[in-house]
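The values are calculated or read from the model by the stated rules, or taken from the named source; none is laboratory data. As the structure is a computational prediction, the values presented were derived from the model and not from experiment. Reconstructed Cβ throughout: ideal geometry from the backbone, glycine too, with neighbour counts over all protein chains shown. Side chains are part of the model used for accessible areas, which takes the heavy atoms of the whole protein and leaves out ligands, DNA and RNA. Shrake-Rupley method; radii C 1.70, N 1.55, O 1.52, S 1.80 Å.
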Amino acid sequence: MILFAQLLLAHLLGDFVLQPNHWVADKMQQKIKSIYLYAHILLHGLLAWLVSWSWKFAGYALLLALLHGLIDLLKLYLQKPKTQRYWLLGDQALHLISIAFMVLLYEQVDLKLYTLDERLWLYASGVLFLTTPTSILIKNIISIWTPNEPDTNDQPTDLQNAGKYIGILERLFVYFFVVSGYFASIGFLMAAKSIFRFGDLTQAKDRRLTEYVLIGTLISFGFAIAVGYLTQIFLPYFS
């Protein structure tokens with residue numbers, strides 16, 4: 001695990017801290033012809049070798065750098081303007097996988113010695129339930145109080161689906177606060193949301209909309225707290 005942390009540090013330095021913007025721009029334009037692509041690959045190889053501080057790792061550092069270059073080329077040729085954000089995430093995920101693979105290869109880790117913690121299935125079920133399934137449930141529960149639709153001639157003032165993702169994120173935060181025992185943080189989260197959200201609604205003097213948002217928020221928090229407590233109740237059966 002120490003080697004993985006060292007290589008992760010090298011990756012963060014090489015991909016974000018020590019890579020100038022004009023390198024990125026030139027790679028996107030020139031792709032495989034860009035001299036900065038090869039400078040970037042070389043930089044990653046040197047950083048990986050330096051953080052390991054071992055001559056024995058030199059060959060593995062070179063292989064890791066070549067893998068990094070192949071992943072970058074894959075992204076450069078396949079990404080489109082509309083898919084850049086997805087390729088950024090996918091690119092970083094592939095880099096992390098390649099780092100983990102190199103650590104396993106170098107340290108000759110026997111994966112058969114490791115078993116998956118059964119509690120992971122319970123946590124994963126709780127997290128998944130609090131995403132889209134809970135959003136659908138809440139939408140159906142509060143549908144009887146849905147305010148009148150705004151005038152279609154008006155320009156939208158909210159980001160598309162922003163409310164949905166805000167709700168998912170807040171439920172996940174509350175869930176992890178509950179299962180980790182940091183209950184006071186739930187009040188802080190609700191207070192922060194109240195400041196940013198309910199203040200605007202009060203200024204709009206739309207009492208029905210304010211109550212609608214408040215009901216949705218309380219139900220959302222309630223689901224997250226309930227799932228968190230249920231997870232704690234069933235944990236002894238998964239250990």
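Table for the structure above
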| read-out | value |
| --- | --- |
| Test for Leu94: is it under 23 Å from the mean Cα position of the chain (by Cα), open to solvent by 80 Å² or more (accessible area, probe 1.4 Å) and more than 30 Å from Phe238 (Cβ to Cβ) | no |
| Scan of region 53-85 for residues that are in a loop (DSSP other than H, G, I, E, B) and either more than 22 Å from the chain's Cα centre (by Cα) or among the aromatic types (Phe, Trp, Tyr) (or both), ordered by number | Trp53, Ser54 |
| Selection status of Lys31, of a type in the set (Lys, Arg), within 23 Å of Tyr86 (Cβ to Cβ) and more than 24 Å from the chain's Cα centre (by Cα) | yes |
| Residue count for region 86-116, restricted to those that are over 21 Å from Gly69 (Cβ atoms) and either touching a residue at least 40 places away in the same chain (Cβ under 8 Å) or in a helix (DSSP H, G or I) (or both) | 4 |
| Options Ala162, Ala204, Ala184: the member that is modelled with pLDDT of 70 or more, of a type outside the set (Ser, Thr, Tyr) and open to solvent by 50 Å² or more (accessible area, probe 1.4 Å) | Ala184 |
| Some residue of region 48-61 being in contact with a His (Cβ under 7 Å, 6 or more places away or on another chain), modelled with pLDDT of 95 or more and surrounded by 17 or more Cβ atoms within 10 Å (Cβ to Cβ) | no |
| Within region 207-235, considering residues that are within 12 Å of Gly167 (Cα to Cα) and of a type in the set (Phe, Trp, Tyr), the one modelled with the lowest pLDDT | Phe221 |
